[in-house]
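I have placed the structure first, in the form of structure tokens, so that the comments after it can refer back to it.
The values are calculated or read from the model by the stated rules, or taken from the named source; none is laboratory data. Computed from a prediction, not measured in an experiment: that's the story for all the values here. Neighbour counts run over all protein chains shown; Cβ positions are idealised from the backbone, glycine included. SASA here: full protein model, heavy atoms, side chains in, ligands and nucleic acids out. Shrake-Rupley method; radii C 1.70, N 1.55, O 1.52, S 1.80 Å.
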Amino acid sequence: MGDKAKKSIIDYILSYSEKQKKKPVKTKEKTSSKKAIEKTEIQITHNIWDLIGKIVVIAEKPKAANKIALALSRNPIRKSMYGIPYYLIKNRHSSIIVASAAGHLYGLHTDQYGYPVFKYEWKPLYQIDPKAKHTEKFIMVLSKLCSNADYYVNACDYDIEGSVIGYLIIYFHGDLEKSLRAKFSSLTIEELRESFRKLTSLDWEMIEAGLCRHELDWIWGINISRALMSSVKIASGKRVILSAGRVQTPTLRYVVEKDIERRLFIPLPQYSLSINIFKNNYEIHVEYKGKSVETKKNAKEIIDEIKRTGYLIVKKYEEKIYTLNPPPAFNLGDLQEEAARIYGFSPYKTQSIAEKLYLDALISYPRTNSQKLPPTLNYKAIMNKLSRINNYKELVSNLLVETKGVLKPVQGSKDDPAHPAIYPTGVKPKDLGKDEWKIYDLIVRRFLAAFASKARISHRIVYLEYPKDPSMVFQASGQKILDLGWLRYYPFSKPEERFLPKFQYGEKVKIVKASIRKTYTKPPEKINKIKILRWMENVGIGTEATRARIIEILFSRYYLRSVGGRVEATDLGLGIIEVLMEYFPEITSVSLTRHFEEEMEKIRLGVKRREEVVKDAKNTLIKLIVSFDKKKYQIGKTLSYRLGYITPINKCILCNREAYKNNLCKYHYRALNTVIKTYDEWKRREGVDWNKYLSSIKKLKSTGKWIVEVIQNFEKIKYSPSE
DNA sequence: GCAAGGTC
């Protein structure tokens, strides 16, 4: 229906605007530049107050409907149907109904079983998903309110999804030929009013791009998921829910690769010089800042010489007062990170709590990426309300004194087209649970801190060198908080205070302790949920609303599990990535998202059509599925081994995975090779023999799990070093 | 039942 409707709507708008021109319509577009003329058919706008008859305005969510109604009228009539609110605004020539969706009310669905499947249609969400039952009432209300209107205004958020949400409602219940679009990027009264004075024709490019994104995600996700499940079914007769998708699969791959690195890690020994100096009756540990020493012999020689010398010389001493700027108000990612750091909450838990606080009207919209507070917000009113909450009474009055009532928040660099940073509304919380309080408190304190002064910290640092070898540098530092500033309001980032006496340049400082300390190279970092979320943000996959949820999906599929606060991949997770990397490599990479974005951009520019893009994806998938199906039984076997449904005939002697070489699975085989390869380096550094090497790394905590398993069972593996 | 995307 796309292009046909597109054409007719333009015709309609054009003819409509002819009629409008006859009226004395105020128009700001008086420029006669060539550009403006070329763009005329897109730029024609309509003032809602010039429209005659019944106008249905569709907002994305009830809160937005409320704000829109209040922007359009000082006293809109609030009505309700099936418990869903909507608003009526009557004028001499028109009556405006502001109604609301609740996010997507329609979703893609197919009746067909099996794969490949490329036949799907938009259906009401409540018919597809039992968890979306609430959407039924919204659809009932919209369908009633939409009947026989003269105009429909899509006033959903001005982004791709908002364009799709409004479009589908008008498509099913209204008339696309009588439709207009309101474009606003915040829900402030001024901006809303302006957008309704400048309604445009429906944004077809956005709609088409959005519909396309839904279809692409659906055909890639559903087909590959079904292929995986079907392979297990034919190989072991078991039904299990497996899935793959543009966002979840690259995320899983990221964790799997990090995990493999950790499990194959062998630490290398290195030596550091540990020295304590004595100054003003204080014994101070100085940190060695030179190159780490790789062999014990070398380290011993150096430290003996240093001991003989008995002192270090101050090369540089600095006293500085530095300031810590207050952090900006939260976006969702920052809130999730802080709640994880301070309280150990999972991103999903934090988000769910924030959503509840939002629905209770305690905080602003939480699904935002913005770190900026809008200048239009009445900060004083919020402060006054917050001061009525016991916990914040004193803090707020402090803040008002400190700022002398000039409330100017710091602004972060991250922005969001549709929403500001998260802030408390000032509504008094009632009956909050313990964890809910923790999140609310973080938000309030972070908001207050944004207005406060910088923290001032005095910092001392001394660099000492060994006189006989100036490349050997040691350092110590101390710091003291001079002025808490914003840390009074947000005490969760307080730097630790540490004393350091004053030093003089060139001063000789006595050494009271000197020894060598054996350390080891560090293993790859542990992964936790917040790191996964930050990674998704950085590579640009998922959205504020979906990232935490998608991480949880990986857990519910049992691709990932939590072990003492950190995340590890299961055998199934490893297997899924192995299979997908081989047969559907596209979906394991974030570049699929980049590809979608490029295609959507082409649609928006009008150089490619949605149908073409979808057809390309379909052709790509069909080819991939053909090669998958050729190996389907074997793939199903592999996944079934990893699920523990069946046992491989040739099993790895160290685990339940299928053997690859030397009676080891591919991971233990890699571990074996790593053990062998790393021996030379250990021998060079430590002068150890093979057995000593094995027993040494076996004992170390950071040695990877697969490495340890290989060492523990070395006799079974029947490998002896060829020397 | 399977995606990702909105929001109650």
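In the range A:532-567, how many residues are more than 11 Å from DNA strand B (Cβ to nearest atom) and among the β-branched types (Val, Ile, Thr)?
Residues meeting the conditions: 4.
Go over the candidates A:Ile551, A:Ile516 one by one and state the one that is in contact (Cβ under 8 Å) with a residue 60 or more places away in the chain and open to solvent by less than 40 Å² (accessible area, probe 1.4 Å).
Working: A:Ile516 fails: open to solvent by less than 40 Å² (accessible area, probe 1.4 Å).
Matching residue, one of A:Ile551, A:Ile516: A:Ile551.
Which one of these does A:Lys279 not meet: (1) crowded, with 18+ Cβ neighbours inside 10 Å; (2) at pLDDT 95 or above?
(2)
Residues that are in contact (Cβ under 8 Å) with a residue 60 or more places away in the chain and among the aromatic types (Phe, Trp, Tyr): find the helices (runs of 4 or more DSSP H) completely inside the range A:647-723 holding 1 or more of those.
Numbers: elements: A:666-686, A:690-699, A:705-712, A:714-717.
So the answer is A:666-686, A:705-712.
Scan the range A:234-284 residue by residue and report those that are of a type in the set (Asp, Glu) and either within 13 Å of DNA strand B (Cβ to nearest atom) or outside any helix (DSSP H, G or I) (or both).
Let us first name the residues in the range A:234-284 that are of a type in the set (Asp, Glu), namely A:257, A:259, A:261, A:283.
Once the filter is applied, which keeps residues that are of a type in the set (Asp, Glu) and either within 13 Å of DNA strand B (Cβ to nearest atom) or outside any helix (DSSP H, G or I) (or both), the range A:234-284 yields only A:Glu283.
Return the total of residues in the range A:326-363 being within 12 Å of DNA strand B (Cβ to nearest atom) and either assigned to a loop (DSSP other than H, G, I, E, B) or of a type in the set (Asp, Glu) (or both).
Number of matching residues: 3.
Name the residue, out of A:Asp150, A:Asp157, that is surrounded by fewer than 16 Cβ atoms within 10 Å (Cβ to Cβ) and of a type outside the set (Lys, Arg). Spell out the reasoning first.
Details: A:Asp157 fails: surrounded by fewer than 16 Cβ atoms within 10 Å (Cβ to Cβ).
Going through A:Asp150, A:Asp157 in turn, the sole match is A:Asp150.
What's the number of the only condition in (1) touching a helix residue (DSSP H, G or I) at 6+ places or on another chain (Cβ under 6 Å); (2) within 16 Å of DNA strand B (Cβ to nearest atom) that A:Ser201 fails to meet?
Tallying (1) touching a helix residue (DSSP H, G or I) at 6+ places or on another chain (Cβ under 6 Å); (2) within 16 Å of DNA strand B (Cβ to nearest atom), A:Ser201 fails exactly one: (2).
Is it the case that A:Ile170 is more than 11 Å from DNA strand B (Cβ to nearest atom), touching a residue at least 40 places away in the same chain (Cβ under 8 Å) and open to solvent by less than 60 Å² (accessible area, probe 1.4 Å)? Spell out how you get there, then give the answer.
Values: more than 11 Å from DNA strand B (Cβ to nearest atom): yes; touching a residue at least 40 places away in the same chain (Cβ under 8 Å): yes; open to solvent by less than 60 Å² (accessible area, probe 1.4 Å): yes.
The answer is yes for A:Ile170.
Can you name the strands (runs of 3 or more DSSP E) wholly within the range A:49-141 that have at least 2 residues being assigned by TED's automatic domain parsing to the domain that holds A:Lys233? I'd like the intermediate steps shown before the answer.
On the way: elements: A:53-59, A:77-81, A:84-90, A:94-100, A:106-109, A:121-124.
Once the strands (runs of 3 or more DSSP E) in the range A:49-141 are filtered for at least 2 residues that are assigned by TED's automatic domain parsing to the domain that holds A:Lys233, nothing remains.
Which pairs have Cβ atoms under 7 Å, sit 6 or more apart or on different chains, and link a residue in the range A:93-115 that is more than 13 Å from A:Ser143 (Cβ to Cβ) to one that is within 7 Å of DNA strand B (Cβ to nearest atom) and among the hydroxyl-bearing types (Ser, Thr, Tyr)?
What qualifies is A:Ala102/A:Thr135; A:Tyr115/A:Ser230.
Quick check on the range A:117-143: of everything there that is open to solvent by 10 Å² or more (accessible area, probe 1.4 Å) and of a type in the set (S, T, N, Q), which residue is nearest to DNA strand B (Cβ to nearest atom)?
A:Gln127
As an exercise: evaluate A:Trp437 against (1) part of a strand (DSSP E or B); (2) within 26 Å of the chain's Cα centre (by Cα) and give the number of the one condition it does not meet.
(1)
Among what's in the range A:98-116 and is crowded, with 16+ Cβ neighbours inside 10 Å and either more than 8 Å from DNA strand B (Cβ to nearest atom) or among the aliphatic types (A, V, I, L, M) (or both), pick the residue that is farthest from A:Gly166 (Cα to Cα).
A:Pro116
Yes or no, residue by residue, for (1) out of contact with any Phe, Trp or Tyr (no Cβ under 8 Å at 6 or more places or on another chain); (2) assigned to a strand (DSSP E or B):
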position: A:Ile461; (1), (2): no, yes
position: A:Val473; (1), (2): no, yes
position: A:Gln479; (1), (2): yes, yes
position: A:Leu487; (1), (2): yes, no
position: A:Phe492; (1), (2): yes, no
position: A:Pro495; (1), (2): yes, no
position: A:Leu500; (1), (2): yes, no
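Scan A:Leu357, A:Leu268, A:Leu264, A:Leu335 and give me the residue that is open to solvent by less than 30 Å² (accessible area, probe 1.4 Å) and farther than 30 Å from A:Ile382 by Cβ. Steps first, answer last, please.
Details: A:Leu357 fails: farther than 30 Å from A:Ile382 by Cβ; A:Leu268 fails: open to solvent by less than 30 Å² (accessible area, probe 1.4 Å); A:Leu335 fails: farther than 30 Å from A:Ile382 by Cβ.
One residue alone meets the criteria, A:Leu264.
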